Amino acid sequence: MADWHRVAAEAELKPETPLGIRIGDVQVAVVRLADGIFAINDVCTHEFALLSEGFCEDGKLECPLHQACFDIRTGRALSEPAEVDVATYPTKVENGAVFVQV
Amino acid sequence: MRTVIIGAGQAGRRCAEALRELDAAAGILLLGEEAHPPYDRPPLSKAVLLGTDPGNGLFVRAAEFYAERRIDLRLGTRVAAIHPAARAVETAAGERIGWDHLVLATGARARRLRIPGAEDPRVLTLRTLEDAEGLKARLAARPRLAVVGGGLIGLEVAASARQLGCAVSVLEAADRLMARCVPPAIGARYAALHRGHGVDLHLSCALRAIEPTPDGGLLLIGDGARIAADLVVAGIGGVPETALAEAAGIAVQDGILTDAQGRTSIPGIFAAGEVARFPHPFWGGRAMRLEAWQVAQTQPAAVARAILGMDAPPDEVPWHWTDQFGWNLQVLGDPDPSLTLVQRAEGEHRLTAIALDAAGRARGAVLINNGRDATPCRRLIAGGKVLDAAALADAGTPLRSFL
Ligand SMILES: Cc1cc2nc3c(=O)[nH]c(=O)nc-3n(C[C@H](O)[C@H](O)[C@H](O)COP(=O)(O)OP(=O)(O)OC[C@H]3O[C@@H](n4cnc5c(N)ncnc54)[C@H](O)[C@@H]3O)c2cc1C
């Protein structure tokens, strides 16, 4: 069952500054972009690393270890060495709080 | 047109992949001596030894990948000779295979110690998956491990073994760790890291001999130190696999000499990956042989383009990394010790250090647990802008603002 989880106050989430959080067993990176707030799985599909610790620019998040790039809106793996996409999760803002559905 | 690639490691795989991507009709034959489909070596000294999940970092491609891309992968096949005039290779089993283009992606083997006692079967090296699995099995008995060489692979093995509960000594002939790739200040941090985890570290300690002891162990005789051990791993660098090339009359000098796109001295024959020594734009065209994942990842694509008559892809800032005791170290460009090192401390165990030349241009960078700065640093190094050292030292100012 996918539940909604409160992850941050909306005001805390700065543009292109990823927030890494853990919801149960799932690591999630939450990122504010110009057109909304997006959430993707935080674990690189190449080797274990948290994408939220990586460089964020132009709607892309780069793995801090081997520089594989992922599209924050779609989860798509955009560059080597990652081949496999990361999961995306729905987000919503309610009463000034950000929620992610996992 | 058929391309035969000798060596099914990372560089051989990357060359085959790039050829297929660029040319749907190319005939591609990938010949590998090892029993495994191509794998990347970085996890061997880390995840494989530790028994943690290497994810897709080891076998990057699924087994079906090669057939799907019509890459004819033949494993357990050693090439014994190249016949340039006949445009053929000969396998150890005696089969002759013709080619239009030939790529040597034979990599390197681990350098072995050449001191008295080094032939003892308890003196190991680490290069292949078998080496890693064999070492892992031996570490399970928690031997006293002595690592010879305080470079990247030696220190990774030391860290992994220590994490597995072994008593670990490291002997390094230089007066600091990782002397070939990081400035002294960074080497000193890593010395403290290893000592903090209980590694018995001996710097300025060249190994002279290894002797068996009456109790069934080994004694390492170094300059100023005698170290008892049950197992020795030598991490003293790699020797490029150039024998085939030499026998075929291809120009070789600690690596197969090539141009920027991997062309050797014989037309139609190319070299890719760690075995190649090629003029590197980052060092003003100086011929370099780089032992790094990045080279095996990207240079083979330039070779594939040369085979198809295409020009070289854009230059890259050199990059490699190492993981020890959970610390990730990345080195970009050339942070030569002669340069001014500007350190941006971003927490106790998080650092970005940028090496500036006399004019204030970034030539290299070292990141400890701070991969998020890799891309800004790469751009600073490639951009060649003159930077203000004092402003750069302020970790409160984001690196992007200097771009
Ligand atoms: C333990 C270890 C850890 C490393 N960690 C890092 C790291 O953290 N970061 C980093 O940047 N770099 C790292 N490296 C370096 C990087 O892995 C190498 O530079 C890279 O593997 C080079 O790839 P290659 O394909 O050129 O050579 P290889 O991977 O050596 O492949 C060459 C292949 O050719 C085959 N071959 C040779 N001769 C023949 C023949 N005659 N016929 C058929 N086949 C043949 C060999 O069996 C081998 O499979 C590490 C290396 C090692 C050994």
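The values are calculated or read from the model by the stated rules, or taken from the named source; none is laboratory data. Values in this document were obtained by computation on a predicted structure and should not be read as measured data. Please note: Cβ atoms are built from the backbone with ideal geometry, for glycine as well, and neighbour counts cover all protein chains shown. Protein only, heavy atoms only, side chains kept; ligands, DNA and RNA dropped before computing areas. Shrake-Rupley method; radii C 1.70, N 1.55, O 1.52, S 1.80 Å.
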Item to check | Only listed residue being in a strand (DSSP E or B) and either within 14 Å of another protein chain (Cβ to nearest Cβ) or at pLDDT below 95 (or both), chosen from A:Val31, A:Val86, A:Val98 | outcome: A:Val31
Checklist entry - Of all residues in the range B:129-160, how many are in contact (Cβ under 8 Å) with a residue 12 or more places away in the chain and either within 13 Å of the ligand (Cβ to nearest atom) or among the aromatic types (Phe, Trp, Tyr) (or both)? => result 18
Checklist outcome for this item: (1) touching a strand residue (DSSP E or B) at 6+ places or on another chain (Cβ under 8 Å); (2) more than 14 Å from A:Thr74 (Cα to Cα); (3) open to solvent by 40 Å² or more (accessible area, probe 1.4 Å) all hold for A:Gly24 apart from (1)
Checklist entry - Name the residues in the range B:19-70 that are of a type in the set (A, V, I, L, M), crowded, with 22+ Cβ neighbours inside 10 Å and away from chain A (no Cβ under 14 Å), would you? => result B:Leu19, B:Ile28, B:Leu30, B:Leu31, B:Leu49
Checklist outcome for this item: Checking B:Ser265, B:Ser204 in turn, the sole residue that is in the same structural domain as B:Trp99 (by TED's automatic domain parsing) and either outside any strand (DSSP E or B) or buried (at least 22 other Cβ atoms within 10 Å of the Cβ) (or both) turns out to be B:Ser265
Checklist entry - Out of curiosity, is B:Ala137 open to solvent by 10 Å² or more (accessible area, probe 1.4 Å), outside any loop (DSSP other than H, G, I, E, B) and in the same structural domain as B:Ile210 (by TED's automatic domain parsing)? => result yes
Checklist outcome for this item: By residue number, the members of the range A:56-81 that are open to solvent by less than 10 Å² (accessible area, probe 1.4 Å), in a loop (DSSP other than H, G, I, E, B) and more than 8 Å from chain B (Cβ to nearest Cβ) are A:Gly59, A:Ala68, A:Ile72, A:Gly75
Item to check | Single residue of B:Pro313, B:Pro318 found to be within 14 Å of another protein chain (Cβ to nearest Cβ) and either within 15 Å of the ligand (Cβ to nearest atom) or farther than 30 Å from B:Ala26 by Cβ (or both) | outcome: B:Pro318
Item to check | Candidate set: the range B:273-310, residues that are of a type in the set (D, E, K, R) and within 11 Å of the ligand (Cβ to nearest atom); chosen: the one farthest from the other protein chains (Cβ to nearest Cβ) | outcome: B:Arg289
Next on the checklist: Being of a type in the set (Asp, Glu), on the phi < 0 side of the Ramachandran plot and buried (at least 24 other Cβ atoms within 10 Å of the Cβ) narrows it down to one residue among A:Glu53, A:Glu47; which is it?
Outcome noted: A:Glu47
Checklist entry - If we scan the range B:255-272, do we find a residue that is near the ligand (Cβ under 10 Å from one of its atoms) and under 24 Å from B:Gln330 (Cβ atoms)? => result yes
Item to check | Selected residue (only one of B:Glu316, B:Glu274, B:Glu246 is in a helix (DSSP H, G or I), open to solvent by 30 Å² or more (accessible area, probe 1.4 Å) and without any contact (Cβ under 8 Å) to a residue 60 or more places away in the chain) | outcome: B:Glu246
Checklist outcome for this item: the range B:1-74: helices (runs of 4 or more DSSP H) wholly inside it with 3 or more residues that are within 15 Å of the ligand (Cβ to nearest atom), in contact with a helix residue (DSSP H, G or I) (Cβ under 6 Å, 6 or more places away or on another chain) and under 29 Å from B:Phe325 (Cα atoms) are B:47-50
Next on the checklist: Within the range B:243-252, does at least one residue satisfy the condition of being within 16 Å of the ligand (Cβ to nearest atom), charged (D, E, K, R), more than 30 Å from B:Ile381 (Cα to Cα) and away from chain A (no Cβ under 14 Å)?
Outcome noted: yes
Next on the checklist: With the requirement that a residue be open to solvent by less than 60 Å² (accessible area, probe 1.4 Å) and away from chain A (no Cβ under 14 Å), what does the range B:356-382 give you?
Outcome noted: B:Leu356, B:Asp357, B:Ala359, B:Gly360, B:Ala362, B:Gly364, B:Val366, B:Ile381
Item to check | Hits in the range B:81-95 (condition: within 14 Å of the ligand (Cβ to nearest atom) and in contact with a Leu (Cβ under 8 Å, 6 or more places away or on another chain)) | outcome: B:Ala81, B:Ile82, B:Val89, B:Thr91
Checklist entry - Taking the stated definitions as given, is B:Ala382 more than 30 Å from B:Val157 (Cα to Cα), among the small types (Gly, Ala, Ser) and within 24 Å of the chain's Cα centre (by Cα)? => result yes
